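K.L.:
Sharing a structure, written as structure tokens. Questions coming.
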Amino acid sequence: MALEGPSVSLGSLARNEYLPPWNRPHIIGIAGSSGSGKTSVASQIIKALNVPWTVILSFDNFYRPLSPAQREVAFANEFDFDAPKALDIDMVVDILHNLREGKKVEIPVYSFALHNRIEATTTIYGANVIILEGIYSLFDSRILEMLDLKIFVDTDLDICMARRLRRDIIERGRDLQGAMKQWFSFVKPNFQKFVLPTMENADVVVPRGLDNVVAIDMLIRHVQRTLVAKSRKHLEFLGRLCENSDDEVENTELDLDKYANVQVLKQSTQVEAMHTILFNRATSREDFVFHFERLMSLLIELAMNTVPYCMKTVTTATGMEYSGLEISKQVCAVSILRAGACFENSLRSILPAIAIGKLLIQSDSRTGEPFLHYLKLPPKIEEKYILLVDAQATTGAAAIMAIRILLDHDVQQEDICFVTYLADKNVAIRRILAAYPKINVAVGKVEDQIKQRFIDTQYFGT
């Protein structure tokens, strides 16, 4: 069966809607008998794609927890692990749905030695390609609706049995008699009753599994074409965010005075003098760091004006009551690496106990498309007010993606303040406001047509 490339209409999306690379990931389902080579086919696809945003989601993680009585039966090799009811298919459906929406998910970990789930989980977030691998990957209609490519690995059952016996004895510590009992009592009958009919749901049937080099190569080339098309769409979305909003005239400057949620540091003579020092390429690194951190302290104090406050009455040292304000929501920071790290000393000088998370977003050297490489956020970040810091915003792509990540972790736009020293007004700021009109922005200096990043290079001396 011929494989066709994806077709997505940009016209069906909102004008300024931003879709990160992990929104609507390409989901591949690979089914087949136990021992057919499903995992090997999935691993070969991942190896050939050679991108770190591809994950294998194994059905083996979704066995239902067993009661003590059921575990006794399992240890006697008499529990049917190969029937559909042994798996929590509803959980697989929920996790796939959340991944499809670009959300973070926690995958359970099942121990075959204990015949039960363990407390640890595996976090998946930001995947561009997801391979669902398991005997029932093509069984449930709800899963089939979410799969972009459906593969059935068709391998001779005698070969499957030999592979299954080897795995059960070597990897799962079972004896030959118990493994044979499982195969003939449960594995083979369930395959013939439930799994084999799902071959009809497949887009592609791969006979002989990994030995079928031609079929595997065809699948890999199809997925590669899909990723190229998806990357092109993502870049189109980013490009559209640079278009003017409905109340702007093309090729005119963005009027920041119209945006109450944008704060620009007052350009006093002292501040302008510090700008001059920072922009002077002859400035030593020591002087650059000193004046940058001094200026960033002023910028962070400006950003703190966007934090929510509430009324509070206190008793003064003289016994009088004073009605004032206090911060009503805990403040944390998230640094867009590596330039955001320039803010950390200034942040801690003003907020000594502040928790600082980190994001590493880098662009593909071939396409310019930004990708998430590293993520560590403060706990319960959805309950906090976030200062998202980056030393410089040239195109706005990293900031837009970072904001999307925070929103995916249940943070509200109003609880984010993007803090940057230098920003391109008509590109970066325009894009950010177009994508997230409720976001708060605190910027030290706005310029037109910023061509290169230089703040972190000067700050770190590299």
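The values are calculated or read from the model by the stated rules, or taken from the named source; none is laboratory data. Bear in mind the structure is a predicted one, so any value in this text is a computation, not a measurement. So basically every Cβ, Gly included, is an ideal-geometry build from the backbone, and we count neighbours across all protein chains shown.
K.L.:
Determine, yes or no, whether Leu278 is assigned by TED's automatic domain parsing to the domain that holds Gln392, touching a Leu at 6+ places or on another chain (Cβ under 6 Å) and of a type outside the set (Lys, Arg). First the steps, then the outcome.
P.N.:
Values: assigned by TED's automatic domain parsing to the domain that holds Gln392: yes; touching a Leu at 6+ places or on another chain (Cβ under 6 Å): no; of a type outside the set (Lys, Arg): yes.
Spelling it out, it is not the case that Leu278 is assigned by TED's automatic domain parsing to the domain that holds Gln392, touching a Leu at 6+ places or on another chain (Cβ under 6 Å) and of a type outside the set (Lys, Arg).
K.L.:
Condition first: small (Gly, Ala, Ser) and either in a helix (DSSP H, G or I) or under 14 Å from Asp255 (Cα atoms) (or both). Now tell me which residues in the stretch 424-451 satisfy that. So that I can check it myself, show each step before the final result.
P.N.:
Of the residues in the stretch 424-451, the ones small (Gly, Ala, Ser) are 428, 434-435, 442, 444.
Passing the criteria: Ala428, Ala434, Ala435.
K.L.:
Still on this structure: Quickly run through the stretch 151-167 and pick out the residues that are farther than 20 Å from Gln44 by Cβ and touching a Leu at 6+ places or on another chain (Cβ under 9 Å).
P.N.:
Across the stretch 151-167, the qualifying residue is only Leu165.
K.L.:
Moving on. Under 7 Å by Cβ, and 6 or more places apart or on different chains, what pairs join a residue from the stretch 148-171 that is in the same structural domain as Asn77 (by TED's automatic domain parsing) and within 30 Å of Asn128 (Cα to Cα) with one that is surrounded by fewer than 20 Cβ atoms within 10 Å (Cβ to Cβ) and among the basic types (Lys, Arg)?
P.N.:
Thr155/Arg208
K.L.:
Those residues that are under 19 Å from Asn261 (Cβ atoms) and exposed (fewer than 15 other Cβ atoms within 10 Å of the Cβ), I need them from the stretch 288-346; list them, please.
P.N.:
Scanning the stretch 288-346 gives Glu301, Asn305, Pro308, Tyr309, Ile327, Ser328, Lys329.
Table: residues versus (1) charged (D, E, K, R); (2) out of contact with any helix residue (DSSP H, G or I) (no Cβ under 9 Å at 6 or more places or on another chain).
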| position | (1), (2) |
| --- | --- |
| Gly126 | no, no |
| Ser137 | no, no |
| Glu145 | yes, yes |
| Pro197 | no, yes |
| Ile216 | no, no |
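K.L.:
Glu200 versus (1) farther than 30 Å from Thr420 by Cα; (2) surrounded by 15 or more Cβ atoms within 10 Å (Cβ to Cβ); (3) modelled with pLDDT of 90 or more: which is the lone unmet condition?
P.N.:
Of everything listed in (1) farther than 30 Å from Thr420 by Cα; (2) surrounded by 15 or more Cβ atoms within 10 Å (Cβ to Cβ); (3) modelled with pLDDT of 90 or more, Glu200 misses just condition (2).
K.L.:
Tell me, yes or no, whether the stretch 63-76 has at least one residue that is aliphatic (A, V, I, L, M) and farther than 28 Å from Leu196 by Cβ.
P.N.:
Restricting attention to the stretch 63-76, the residues satisfying the condition of being aliphatic (A, V, I, L, M) are 66, 69, 73-74, 76.
From the residues that got through so far, the ones that are farther than 28 Å from Leu196 by Cβ too are 69.
Checked the stretch 63-76: at least one residue is aliphatic (A, V, I, L, M) and farther than 28 Å from Leu196 by Cβ.
K.L.:
Listed residues Arg225, Arg232; which is modelled with pLDDT of 80 or more, out of contact with any Leu (no Cβ under 7 Å at 6 or more places or on another chain), part of a helix (DSSP H, G or I) and not assigned by TED's automatic domain parsing to the domain that holds Leu433?
P.N.:
Values: Arg232 fails: modelled with pLDDT of 80 or more.
Testing whether each residue is modelled with pLDDT of 80 or more, out of contact with any Leu (no Cβ under 7 Å at 6 or more places or on another chain), part of a helix (DSSP H, G or I) and not assigned by TED's automatic domain parsing to the domain that holds Leu433 leaves just Arg225.
K.L.:
Within the stretch 109-157, which residues are surrounded by fewer than 17 Cβ atoms within 10 Å (Cβ to Cβ) and more than 30 Å from Pro207 (Cα to Cα)?
P.N.:
Val109, Ser111, Ala113, Leu114, Ile118, Glu119, Ala120, Thr121, Thr122, Thr123
K.L.:
Among (1) under 31 Å from the mean Cα position of the chain (by Cα); (2) in the same structural domain as Ser141 (by TED's automatic domain parsing); (3) at pLDDT below 85; (4) more than 30 Å from Ala86 (Cβ to Cβ), where does Val213 come up short?
P.N.:
Among (1) under 31 Å from the mean Cα position of the chain (by Cα); (2) in the same structural domain as Ser141 (by TED's automatic domain parsing); (3) at pLDDT below 85; (4) more than 30 Å from Ala86 (Cβ to Cβ), Val213 violates only (1).
K.L.:
List the residue pairs whose Cβ atoms are under 7 Å apart, where the first residue sits in the stretch 56-73 and is part of a helix (DSSP H, G or I), the second is at pLDDT 90 or above and not aliphatic (A, V, I, L, M), and the two are 6 or more positions apart or on different chains.
P.N.:
Listed by first residue and then by second, the contacts come to Phe59/Glu133; Phe59/Gly134; Phe59/Tyr136; Phe59/Ser137; Asp60/Gly134; Asn61/Pro108; Phe62/Asp88; Phe62/Pro108.
K.L.:
Just to confirm my filter: which helices (runs of 4 or more DSSP H) fall fully inside the stretch 113-184 and include at least 2 residues that are under 31 Å from the mean Cα position of the chain (by Cα)?
P.N.:
On the way: elements: 141-146, 157-170, 176-182.
In the stretch 113-184, the matching helices (runs of 4 or more DSSP H) lie at 141-146.
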